[in-house]
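Right, one structure below, let's go through it.
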Amino acid sequence: MEMKMKVVLVLCIVVLIQTEVALAAVFTVGGSAGWTFNTVGWPKGKRFRAGDILAFNYPSGTHNVVAVNQNGYSKCSTPRGAKVYTKGGDRVKLVKGQNYFICNFPGHCESGMKISVFAM
């Protein structure tokens, strides 16, 4: 009987993990225009959860995506050790709380190529 309980417990855990993955939403940053200039307002009115995926679509070599902190976001600067995505079609999983992203190509962030997303 004890072995059956362990098997049931493991199966329940697997189902819970699968359910959480299935509930994650994928959001295409910037909509059909993709990750480009003036996307700073794109998150407005959207609800995000930790685990949701942001898809950053752009032609490789024209932009990038840099996960930054609040200071990097407000100053359009890249902190040391920041994660930089460069392929286009980058997919980034949101963490709970505030998430900040910029393009650090010269002048891009200053032209509104940055977003701040709060995930519940």
Completion exercise
Restricted to region 25-40 and to residues being within 16 Å of the chain's Cα centre (by Cα) and touching a residue at least 40 places away in the same chain (Cβ under 8 Å), the residue farthest from I115 (Cα to Cα) is V26
Problem - Matching residues, region 54-69, being surrounded by fewer than 15 Cβ atoms within 10 Å (Cβ to Cβ) and within 15 Å of the chain's Cα centre (by Cα) - result: N69
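Would you mention how many residues in region 41-53 are closer than 22 Å to G107 by Cα and buried (at least 16 other Cβ atoms within 10 Å of the Cβ)?
The first filter runs over region 41-53 and keeps only residues closer than 22 Å to G107 by Cα, leaving 41-43.
This time we only want the ones that are buried (at least 16 other Cβ atoms within 10 Å of the Cβ), so: 42-43.
So the count comes out to 2.
Please state which one of S111, S116 is of a type outside the set (D, E, K, R) and more than 13 Å from the chain's Cα centre (by Cα). Break it down stepwise before answering.
Details: S116 fails: more than 13 Å from the chain's Cα centre (by Cα).
Unique residue meeting the criteria: S111.
Just so you know, all these numbers are worked out from the coordinates, no wet-lab data involved. On a predicted model such as this, the values are computed, not experimentally measured, just so you know. Every residue, glycine among them, receives a Cβ derived from its backbone with ideal geometry; neighbour counts consider all protein chains shown.
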